[in-house]
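The values are calculated or read from the model by the stated rules, or taken from the named source; none is laboratory data. Keep in mind that this is a model prediction, so the values were computed, not measured. Reconstructed Cβ throughout: ideal geometry from the backbone, glycine too, with neighbour counts over all protein chains shown.
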Amino acid sequence: MSEHVLVINAGSSSLKYSLVDATSGTAAASGLVERIGEEQSHHVHHGPSGDFDDDQPVPDHEAALEAAVRAFDKHGPSLSEAGIVAVGHRVVHGGDRFAAPALVDDELIAAVTDLVPLAPLHNPANLEGIEVARRLFPDLPHVAVFDTAFHQTLPPYAYTYAVPSSWPADYGIRRYGFHGTSHAFVSAQAARVLGREPGDLNVIVLHLGNGCSAAAVRGGVSVDTSMGLTPLEGLVMGTRSGDLDPAVHGHLARVAGQSAEETDRMLNSESGLKGLTGANDFREVLRLRADGDERAQLAFDIYCYRLKKYIGAYYAVLGTVDAIVFTAGVGQHSAEARAAALAGLEPLGIHLDPARNADPSDNVVSTDDSPVKILVIPTNEEWEIARQSVGVLTGG
Ligand code: ADP
């Protein structure tokens, strides 16, 4: 029997939803309401009979979810007949309180509210989505699935920054890691592709979307990851710098009188590929690079060099690596980025097959005799949220 979960991902001005069969991963319908609160919003609903657009203004998240419910009524499938067992919510920051998904109750809401200072952009929007959905679906169980939870297994020496020892207790300053739902899904999927048990497999996962992160996963357990206190640390991303010397804040304050807040904003929203080239979209960077744009070439080189450094670091962390897995927009679609990040790593047993890399539809893009398998696996965070939500209900 199919068990459908309504998966909700509420952002500050957007609401994504998907009606997912937790067993098969099939999405019976999905949709996105964007530009919530602006003069003109945009709603697209992908239903069984096609795609439907609506540009009515949507003032707030409540109106956005009501619009989604109307779209289900009008274009299908019927929510009342779908056999929905739960509403699964993506929540970005679970701090060190949530190492697993959890049933939403007033206590959970209070805990996620306490964590707002650690995720001031994300957690309030996620909470808004939960509140609204609880009002619209009061009879269904609601489950919160945290982006940070999968990385709660990091050992203390991997999650502790070398800073005054009072900072973690006083301000929560430590590494948490994000994209955990994707890293969990993709590392488990890698075991399936290789016909192995997740518990027997060491993998390096590279999630390369607009945000990018790497994870070292030993036997299904995350032991290190590149994002830290916030999603700013680590790899080069669409608009985020990734790793840099923390002295940059103080230096800019002294030489440019720039506030910490402004530097923070620029490192999050005006840096990465966008800062280097003007374009945050990797496809655009590739296009500029193909046209001979030197800044785009440099940005590509920096992006792939940073990836290579993390692959090397996590190889050392894991000792033996069974597979390197690429996922999300860039990871799944850019053969050039995969090839550049792995170039020269053959002495480590990492052998890319150029023909397979050009067409990764069979998931495996390494040569048959490569000791380390190289995989391209589409991520599916909605399915993982649906699965984990059902798991909470069944105690699994
Ligand atoms: P999000 O993190 O928002 O979920 P995605 O996983 O969709 O993002 O990844 C978006 C990134 O993937 C963008 O930088 C986009 O340019 C890149 N991308 C998508 N398709 C391709 C492609 N065919 N080749 C290279 N990059 C691609």
Return the residue satisfying two criteria in turn: it lies in the range 21-59 and is in a loop (DSSP other than H, G, I, E, B) and in contact (Cβ under 8 Å) with a residue 60 or more places away in the chain, and of such residues it is nearest to ARG135 (Cα to Cα). ALA22
Those residues of the range 112-122 which are surrounded by 16 or more Cβ atoms within 10 Å (Cβ to Cβ), assigned to a helix (DSSP H, G or I) and at pLDDT 95 or above amount to VAL112
Condition broken by LEU267, with the remaining ones in (1) buried (at least 18 other Cβ atoms within 10 Å of the Cβ); (2) in contact with a helix residue (DSSP H, G or I) (Cβ under 6 Å, 6 or more places away or on another chain) satisfied: (2)
As an exercise: evaluate ALA215 against (1) under 27 Å from SER187 (Cβ atoms); (2) outside any strand (DSSP E or B); (3) within 16 Å of the ligand (Cβ to nearest atom); (4) small (Gly, Ala, Ser) and give the number of the one condition it does not meet. (2)
Return a yes/no flag: does the range 360-375 have any residue that is in contact with a Lys or Arg (Cβ under 8 Å, 6 or more places away or on another chain), in contact (Cβ under 8 Å) with a residue 40 or more places away in the chain and of a type outside the set (Phe, Trp, Tyr). yes
Applying the selection to the range 329-358, what residues are in contact with a Leu (Cβ under 9 Å, 6 or more places away or on another chain) and either within 25 Å of GLU197 (Cβ to Cβ) or modelled with pLDDT under 95 (or both)? GLY331, GLN332, ILE350, HIS351
Search the range 182-212 for residues being under 27 Å from THR277 (Cβ atoms) and of a type in the set (Val, Ile, Thr), and hand back the single one that is nearest to the ligand (Cβ to nearest atom). VAL205
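Name the helices (runs of 4 or more DSSP H) wholly within the range 262-319 that hold at least 3 residues that are more than 16 Å from the ligand (Cβ to nearest atom) and either without any contact (Cβ under 8 Å) to a residue 12 or more places away in the chain or at negative phi (or both)?
On the way: elements: 272-277, 282-290, 294-318.
Qualifying helices (runs of 4 or more DSSP H): 294-318.
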